[in-house]
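For reference, the structure is listed below as structure tokens.
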Amino acid sequence: MRREGSPWTGLWAVFFKEMADHLSGLRMRILEALILLSALAAVYTGTQTLRQTVGEDPYLYLKLLTTAQDPLPSFVGFLSFFVPLAAIALAFDAVNGEYARGTLSRVLSQPIYRDALLFGKFLAGLGTLTVLLLALFLLVVGLGLFTLGVPPEAEEMARAFFFLLATLAYAGVWLALALLFSVLFRQPATAALAAIGVWLFFAVFFPILTDLAASALLLQADPFDPESQLRQANLALWVSRLSPNTLYAESLTALLNPAVRSLGPILITQLEGAVLGTPLPLSQSVLLVWPQLTGLFALAVLLFTLGYVVFQRQEVRA
Amino acid sequence: MAVIQTRGLTKRYGRVVAVEDLNLEVEEGEVFGLLGPNGSGKTTTILMLLGLTEPTSGEARVLGLDPMREPLKVKARVGYLPDQVGFYGELSAWENLRYTTRLLGLPEAEAKARIEEVLKRMGLWEVKDRKVAAFSRGMRQRLGLAEVLLKRPKVAILDEPTLGLDPEAAREFLELIKGLKREGITVLLSSHLLHQVQEICDRVGLFHKGRLALVGTVEALAQQVLGGGYEILVEASPGLEEAFQALEGVGRVEAEGGRYRVLASRDLRPELARIAVERGSLLGLSLRKPSLDEVYARYFQEVAHAA
């Protein structure tokens, strides 16, 4: 049976309401303060290191984002740590919170479809994270201008733009996951814990498991047979790419370091005629991580779709 | 024209039957009460009328529209007050309603005018900037009704509107519902507090285990189930039971010493008074409207006996 009327009716009403909630909410303030402090610390130490080498590096601002100095990780290191947390914090009580407050049936009795509610919430989360990321990034670049005294180049900004895009796709994955859990679990605390559990799994245990899985799947890695070793390395890489964290990390490596030419093992014969250390043009770097970006995007879409299907079949009454 | 019409409407959750073969007609401008205990299928029926739950079989028409096919049109014309209505506690009353007007797609000026109108009408204008988290249950309920009116609905569906209200607040709220009827809004309300809503309902439908057991006016149901539409309490000398019973139109007489409970098909107070005075002394005489609670209790006693 076909239903009539657009599923997008009311989408923007939901979007702006949720976005306003996020931006004015205490939860977001805490996150902002946390991210801002750590990012500033990372960038500050980065500039301290970079000051000595200004003028030697053509991609100063990309270095600014990626330079780590003990004990602090780099700016991107902080981001890849905090972005999933922020995304989860924004969405873990999106749907079950409406149930708990008794607002869901009231909102859905207005002339909108459920599609608009769920998609509006997702977009609002993404919008909030975009605002956050953009503000943070501009702050960092501004701080760089201040301390380094060198204006950024067009290519650097273009790379930074793709970096932001990749970060957004990565955030989208965690946002969609948290949204899915908020549909699946009636208790917001359960949903938050489950989402954080998944994040911990991919951040801590998955790297350990990939190696184990690769050797378990391919037992005959012969130390005297380079080909079997290559096969095993490739398999481990393939398995590790099932994790959004790996995909994101690889995207960042290639986008922010123009000298990176390959994301996997490479044979010496493949390097014939290559001038090592020369930067790739932006288009080639983007081409290199295109599968990773597509993978992140697809994962976000998949998770959102799952949440959407479950939500559509759910009863309105609590 | 029937504003709400259902034919063979059925909803099953797995093997559990929530609503079975519901045939209901609600006429324009009437207050119809869906009554019954918790879990008897009232809320499920309401959700199906709004297109928020898909019926297993059967069909429903609200204002001539199919809620499954055209839910947006139905929901634009039908106001719904859920039971345990909730609002965003961190927003003010005004902001909560503003969100609703955005969802309704009302233009800015129109929205503001309507919000002011409904808040004033519900007596909430003074607290419009207060956060809803600080509202009492009664205030929330009134805010819910304000939201229903925001739509300028043709039909208002109210689920357990008086649940959790203190008697005074409940009475006030029922007055507000009467106001809707005066405006020509058709009201469908559900409740398990039979005595509270029986006064304002033109007709009622009694639900029992997913089926609509009885439909009609309270008087007609009393007539049908209790055997008399009028219940007269007489306090007089003892021993008048048979004389009362002999009167035409008397259904049943229950005597307890000098207290009599007479169920009759019409108002027999003059006749009863005459008999009482002739044969002794009359101490008290009062007409009590039959209560739905009794109708309900009696009906299901009979059902249980028959089974």
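The values are calculated or read from the model by the stated rules, or taken from the named source; none is laboratory data. This one's a predicted model, so the numbers in the text were calculated from it and none came from an experiment. Here the Cβ is made from the backbone with ideal geometry for all residues, glycine too, and neighbour counts use every protein chain on show.
Quick one: in the range B:271-301, which of the residues that are basic (Lys, Arg) and either more than 30 Å from B:Leu193 (Cα to Cα) or exposed (fewer than 13 other Cβ atoms within 10 Å of the Cβ) (or both) is modelled with the lowest pLDDT?
Kept after step one, since they are basic (Lys, Arg), are these residues of the range B:271-301: B:274, B:279, B:288-289, B:298.
Still in the running and either more than 30 Å from B:Leu193 (Cα to Cα) or exposed (fewer than 13 other Cβ atoms within 10 Å of the Cβ) (or both): B:274, B:279, B:288.
Working: B:Arg274: 88, B:Arg279: 86, B:Arg288: 79.
By that ranking, first place goes to B:Arg288.
For the structure I just gave you, tell me whether B:Val118 is assigned by TED's automatic domain parsing to the domain that holds B:Leu34, of a type in the set (Val, Ile, Thr) and under 19 Å from A:Leu108 (Cβ atoms). Working first, answer last.
Numbers: assigned by TED's automatic domain parsing to the domain that holds B:Leu34: yes; of a type in the set (Val, Ile, Thr): yes; under 19 Å from A:Leu108 (Cβ atoms): no.
Here the answer is no, as B:Val118 does not meet what is asked.
Cβ-Cβ distances below 7 Å connect the following pairs, each with a first residue in the range A:246-268 that is of a type in the set (Phe, Trp, Tyr), a second residue that is modelled with pLDDT of 90 or more, and a separation of six or more residues or different chains: A:Tyr248/A:Ala166; A:Tyr248/A:Tyr170; A:Tyr248/A:Leu296. Taking the range B:56-74 as the range and being of a type in the set (Asp, Glu), more than 8 Å from chain A (Cβ to nearest Cβ) and either free of Cβ contacts under 8 Å to residues at least 24 places away in the same chain or crowded, with 19+ Cβ neighbours inside 10 Å (or both) as the test, only B:Asp66 passes.
Only one residue in B:Leu91, B:Leu97, B:Leu72, B:Leu119 is closer than 30 Å to B:Glu20 by Cβ and of a type in the set (A, V, I, L, M, F, W, C), so which one is that? Walk me through it before giving the result.
Details: B:Leu91 fails: closer than 30 Å to B:Glu20 by Cβ; B:Leu97 fails: closer than 30 Å to B:Glu20 by Cβ; B:Leu119 fails: closer than 30 Å to B:Glu20 by Cβ.
Just a single option satisfies the conditions, and that option is B:Leu72.
The residues on offer are A:Leu287, A:Leu267, A:Leu293, A:Leu271, and the sole one that is surrounded by 12 or more Cβ atoms within 10 Å (Cβ to Cβ), touching a helix residue (DSSP H, G or I) at 6+ places or on another chain (Cβ under 9 Å) and away from chain B (no Cβ under 14 Å) is A:Leu293. Residue check: B:Leu233 meets all listed conditions (1) assigned by TED's automatic domain parsing to the domain that holds B:Leu268; (2) of a type outside the set (S, T, N, Q); (3) touching a helix residue (DSSP H, G or I) at 6+ places or on another chain (Cβ under 9 Å) but one, namely (3).
For the range B:75-82, does any single residue satisfy the condition of being without any contact (Cβ under 8 Å) to a residue 24 or more places away in the chain, more than 16 Å from B:Lys11 (Cα to Cα), hydrophobic (A, V, I, L, M, F, W, C) and within 9 Å of chain A (Cβ to nearest Cβ)? No: the range B:75-82 contains no residue that is without any contact (Cβ under 8 Å) to a residue 24 or more places away in the chain, more than 16 Å from B:Lys11 (Cα to Cα), hydrophobic (A, V, I, L, M, F, W, C) and within 9 Å of chain A (Cβ to nearest Cβ). Taking the criterion of being more than 8 Å from every other protein chain (Cβ to nearest Cβ) and either closer than 24 Å to A:Pro7 by Cα or within 12 Å of the chain's Cα centre (by Cα) (or both), the residues of the range A:88-103 that qualify are A:Ile88, A:Leu90, A:Ala91, A:Phe92, A:Asp93, A:Ala94, A:Val95, A:Asn96, A:Gly97, A:Glu98, A:Tyr99.
Within the bounds of the range B:278-288, is there any residue that is farther than 29 Å from B:His192 by Cβ and in a helix (DSSP H, G or I)? Steps first, please.
First, pick out the residues of the range B:278-288 that are farther than 29 Å from B:His192 by Cβ: B:278-285.
Those left that are additionally in a helix (DSSP H, G or I): B:278-279.
Taking every residue of the range B:278-288 in turn, at least one turns out to be farther than 29 Å from B:His192 by Cβ and in a helix (DSSP H, G or I).
Does B:Ala111 satisfy being under 27 Å from the mean Cα position of the chain (by Cα) and small (Gly, Ala, Ser)? When the stated conditions are applied, B:Ala111 does not pass them. Look at B:Thr53 and say whether it is at negative phi, under 26 Å from the mean Cα position of the chain (by Cα), crowded, with 23+ Cβ neighbours inside 10 Å and within 7 Å of chain A (Cβ to nearest Cβ). Answer is no for this residue. Here the helices (runs of 4 or more DSSP H) wholly within the range A:177-277 that include at least 3 residues being more than 18 Å from the chain's Cα centre (by Cα) and not basic (Lys, Arg) are A:188-200, A:206-217, A:226-240. Looking across A:Leu79, A:Leu139, A:Leu117, A:Leu85, one residue alone is within 14 Å of chain B (Cβ to nearest Cβ), under 22 Å from A:Met28 (Cβ atoms) and either touching a residue at least 60 places away in the same chain (Cβ under 8 Å) or in contact with a Ser or Thr (Cβ under 8 Å, 6 or more places away or on another chain) (or both). It is A:Leu117.
Okay, residues lined up against (1) at positive phi; (2) at pLDDT below 85:
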{"residue": "B:Gly216", "(1), (2)": "yes, no"}
{"residue": "B:Glu219", "(1), (2)": "no, yes"}
{"residue": "B:Ser265", "(1), (2)": "no, yes"}
{"residue": "B:Arg269", "(1), (2)": "no, no"}
{"residue": "B:Val303", "(1), (2)": "no, yes"}
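Looking at the range B:12-39, which of the residues that are touching a residue at least 60 places away in the same chain (Cβ under 8 Å) and within 14 Å of chain A (Cβ to nearest Cβ) is farthest from B:Gly179 (Cα to Cα)? Talk me through it step by step, then tell me what you get.
We begin by selecting, within the range B:12-39, every residue touching a residue at least 60 places away in the same chain (Cβ under 8 Å); these are B:17-24, B:26-38.
Filter once more, keeping what is within 14 Å of chain A (Cβ to nearest Cβ): B:18-19, B:38.
On the way: B:Ala18: 32, B:Val19: 30, B:Asn38: 27 Å.
Within the range B:12-39, the match that is farthest from B:Gly179 (Cα to Cα) is B:Ala18.
What's the number of the only condition in (1) more than 8 Å from every other protein chain (Cβ to nearest Cβ); (2) surrounded by fewer than 20 Cβ atoms within 10 Å (Cβ to Cβ); (3) touching a residue at least 40 places away in the same chain (Cβ under 8 Å); (4) not basic (Lys, Arg) that B:Glu90 fails to meet? Single failed check for B:Glu90: (1). Counting only residues that are away from chain B (no Cβ under 14 Å) and either out of contact with any Lys or Arg (no Cβ under 9 Å at 6 or more places or on another chain) or surrounded by fewer than 19 Cβ atoms within 10 Å (Cβ to Cβ) (or both), the range A:1-60 holds 28 of them.
Can you say whether B:Gly105 is within 12 Å of chain A (Cβ to nearest Cβ), in contact with a helix residue (DSSP H, G or I) (Cβ under 6 Å, 6 or more places away or on another chain), modelled with pLDDT under 95 and surrounded by fewer than 18 Cβ atoms within 10 Å (Cβ to Cβ), as far as the supplied structure shows? Spell out how you get there, then give the answer.
Working: within 12 Å of chain A (Cβ to nearest Cβ): yes; in contact with a helix residue (DSSP H, G or I) (Cβ under 6 Å, 6 or more places away or on another chain): no; modelled with pLDDT under 95: yes; surrounded by fewer than 18 Cβ atoms within 10 Å (Cβ to Cβ): yes.
Against the criterion (within 12 Å of chain A (Cβ to nearest Cβ), in contact with a helix residue (DSSP H, G or I) (Cβ under 6 Å, 6 or more places away or on another chain), modelled with pLDDT under 95 and surrounded by fewer than 18 Cβ atoms within 10 Å (Cβ to Cβ)), B:Gly105 does not qualify.
Might you let me know whether the range B:70-87 holds any residue that is within 20 Å of A:Leu23 (Cα to Cα), in contact with a strand residue (DSSP E or B) (Cβ under 9 Å, 6 or more places away or on another chain), hydroxyl-bearing (Ser, Thr, Tyr) and assigned by TED's automatic domain parsing to the domain that holds B:Leu163?
Let us first name the residues in the range B:70-87 that are within 20 Å of A:Leu23 (Cα to Cα), namely B:87.
Now restrict to residues that are in contact with a strand residue (DSSP E or B) (Cβ under 9 Å, 6 or more places away or on another chain): none.
The answer is no, given that none of the residues of the range B:70-87 is within 20 Å of A:Leu23 (Cα to Cα), in contact with a strand residue (DSSP E or B) (Cβ under 9 Å, 6 or more places away or on another chain), hydroxyl-bearing (Ser, Thr, Tyr) and assigned by TED's automatic domain parsing to the domain that holds B:Leu163.
Return yes or no: is B:Glu147 at the interface with chain A (Cβ under 10 Å from one of its Cβ atoms) and either closer than 27 Å to A:Gly25 by Cβ or over 23 Å from the mean Cα position of the chain (by Cα) (or both)?
Numbers: at the interface with chain A (Cβ under 10 Å from one of its Cβ atoms): yes; either closer than 27 Å to A:Gly25 by Cβ or over 23 Å from the mean Cα position of the chain (by Cα) (or both): yes.
Yes; evaluated as a whole, the condition is true for this residue.
Considering only residues that are within 24 Å of A:Ala87 (Cα to Cα), surrounded by 17 or more Cβ atoms within 10 Å (Cβ to Cβ) and within 14 Å of chain B (Cβ to nearest Cβ), which ones fall in the range A:300-318?
Taking the range A:300-318 first, the residues within 24 Å of A:Ala87 (Cα to Cα) are A:300-312, A:314.
Now restrict to residues that are surrounded by 17 or more Cβ atoms within 10 Å (Cβ to Cβ): A:300, A:303-304, A:307-308, A:311.
If the condition is that a residue be within 24 Å of A:Ala87 (Cα to Cα), surrounded by 17 or more Cβ atoms within 10 Å (Cβ to Cβ) and within 14 Å of chain B (Cβ to nearest Cβ), then A:Phe311 is the only one that fits.
In summary, B:Glu110 fulfils each of the numbered conditions (1) loosely packed, with under 15 Cβ neighbours inside 10 Å; (2) modelled with pLDDT under 95; (3) of a type in the set (D, E, K, R) with the single exception of condition (2). Within the set A:Ala124, A:Ala68, the sole residue that is under 24 Å from the mean Cα position of the chain (by Cα) and surrounded by 23 or more Cβ atoms within 10 Å (Cβ to Cβ) turns out to be A:Ala124.
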